[in-house]
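Nothing in this text is a laboratory measurement; each read-out follows from the coordinates by a stated rule. Only a predicted model underlies this, so the values are computations on that prediction, with no experimental measurement involved. Please note: Cβ atoms are built from the backbone with ideal geometry, for glycine as well, and neighbour counts cover all protein chains shown.
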Amino acid sequence: MHIANTAAKIMTLADTNAQKYQDQITVDKQEAADYGVSSTPTFLIAKQLSVGALPYETVKTAIDGSLGSK
């Protein structure tokens, strides 16, 4: 399939399904706002909000710490 045809098909599907997905996106955005999320990436680990791209070790330490505290 030619790339222009593929792009056109994707745009048609997006237009056709826009409202279906927009309703869920709106719900998800409100839930994120309720938690204080205003950008991506944002991580919520054990009720601690961490904003921005974090190194693997930082995320691992936070998760391990929250699991160890239970």
Assuming 0.36 nm per residue, please report the length gained on full extension of the stretch Val59 to Ile10 beyond their Cα-Cα distance. 14.2 nm
So what's the angle, to the nearest 10 degrees on a 0 to 90 scale, between helix 3-34 and the longest Cα principal axis of the chain? 40
With the dipole of the chain worked out from charges on the C-beta (+1 for Lys and Arg, -1 for Asp and Glu) around the Cα centre, which of Ala32, Val59, Ala18 lies farthest toward the positive end? Val59
Mind pulling the angle between the C-alpha long axis of helix 56-68 and the longest principal axis of the chain? Nearest 10 degrees, somewhere in 0 to 90. 60
Can you tell me the dipole magnitude for the chain around its Cα centre, using point charges on the Cβ only (Lys, Arg +1; Asp, Glu -1), in Debye to the nearest 20? 100
Listed highest first by mean packing, meaning other Cβ atoms within 10 Å per residue, what order do 8-15, 40-47 come in? 40-47, 8-15
Among (1) 4.8; (2) 7.6; (3) 5.1, the entry matching mean projected area of the Cα convex hull in nm² as calculated here is (2)
